[in-house]
Amino acid sequence: MNLSWLPPLPRLKRADKLLIIGVLGPIVLTWVLLVGFDAFLQFARQLSNLGRNGYTLGQAAYYIMLTIPRRFFEMYGNAALIGTLLGLGGLAASNELTALRASGMSRLRIGGAALALVALLSVAALLDAEYVMPPAEARAQGIQLALTARNIAAATGTGLWARDGDSIVNVRSALATHQVMGRGIDLRDVRIYQLDAQGRLLSIRWAAAANYRDGRWQLEQLQQTRFGAGGATRSVLPTAPWKTGLSPRLLELSVLSPNTQAISDLLRNIDYLHGNGLDARVYTDALWQRLFYPLNVLMLVLCTLPLTFGTLRAGGFGKRLLIGLLIAVGWFFLQRALVNLAIVYSVPAWLANLGPILLLAFVAIGVFRRRHA
């Protein structure tokens, strides 16, 4: 196939390769160490649950393995920040940054090469969050749910199964909802199989949804089939109360966190909630936070890049690394506070998540240009 019509791919200069290799190693190493340390701490916590509801060491290890994709995504921002500071700091300590500057390479150009690598790794993190993390997290959540309650289990593809007295309940999907007193839960595609003492099927109830409001469950669009000696009878009700011993708090544990769902799932849940007049803010916030995640990481790294330049005698690199970490931690809490404040004043979710990033970009570019023009 003749591809001569395609524009030539840009070739990396030796200086770019030096910067990329110098930064890539520390980022990957920091990434692996942060994920490994976090996973080890969680594994140590899981050991206290051994023997509970048949929980074994193998299940604990399998659970930790399933949570690795989520930890890789969650830790990437910190790894990119620390790794970039370590990588460029190492080049500065060996005077290689000084040599690049002497060859005519601007500090903004040096920082641009590091940011390009961070952007590329951000794409890998997003692919992990979109295709690897959701199914793995669903399986991991099923293990923890079985650990919490013996009569509840999450089966991939068939939803949640629970025993409720003489009934078997199957919930195909569940959604988190935003309420005044915190997060609530709405169940979709609910099937309730009622059995007698001998295990014979007495009735089947199917509801399009089940909502928990004011301390009570209510089934929506209920279709009920009863089986008796004379045959089966069917009835349809728009709404009906549901007396169940299932705890709403326990069912909330079965809901996959919006922050660990794929973008396609977030969009589908948002459409469903909006179509039924329900508040979808929990999912819209998670959606825009995911979409703006690479930009957020890039701006945070850009804001700390000035710390890697200058003479090492001016405070020491360890001090600069500490300052960078404090900036990252402070920014995390400030961003969450701004987003929560935006929710109170009904600011659109996209603007609530984009606004803090634009503020960080303005500060980062201003500081970088002033100190390294």
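Annotations for the structure displayed:
- Test for V190: is it hydrophobic (A, V, I, L, M, F, W, C) and modelled with pLDDT of 80 or more: yes
Conditions tested, residue by residue: (1) modelled with pLDDT under 95; (2) of a type in the set (F, W, Y); (3) surrounded by 14 or more Cβ atoms within 10 Å (Cβ to Cβ); (4) touching a helix residue (DSSP H, G or I) at 6+ places or on another chain (Cβ under 9 Å).
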| residue | (1), (2), (3), (4) |
| --- | --- |
| L47 | yes, no, no, yes |
| R52 | yes, no, no, yes |
| G58 | yes, no, no, no |
| R70 | no, no, yes, yes |
| L81 | yes, no, yes, yes |
| N95 | yes, no, no, no |
| A138 | yes, no, yes, yes |
| Q141 | yes, no, yes, yes |
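- For the range 46-68, the count of residues that are in the same structural domain as A140 (by TED's automatic domain parsing), basic (K, R) and without any contact (Cβ under 8 Å) to a residue 60 or more places away in the chain is zero.
- Given (1) modelled with pLDDT under 90; (2) part of a strand (DSSP E or B); (3) not polar (S, T, N, Q), index of the condition G245 fails: (2)
- Among the residues examined, R336 qualifies as farther than 19 Å from L115 by Cα, modelled with pLDDT under 80 and assigned to a helix (DSSP H, G or I).
- Qualifying residue in the range 11-30 (condition: at positive phi and assigned to a helix (DSSP H, G or I)): no
- Residue in the range 97-115 that is surrounded by the fewest Cβ atoms within 10 Å (Cβ to Cβ), counting only those that are touching a residue at least 24 places away in the same chain (Cβ under 8 Å) and of a type in the set (A, V, I, L, M): L108
The values are calculated or read from the model by the stated rules, or taken from the named source; none is laboratory data. None of the values given here were measured: they were computed from a predicted structure. FYI the Cβ positions are ideal-geometry reconstructions off the backbone, even for glycines, and counts take in every protein chain you see.
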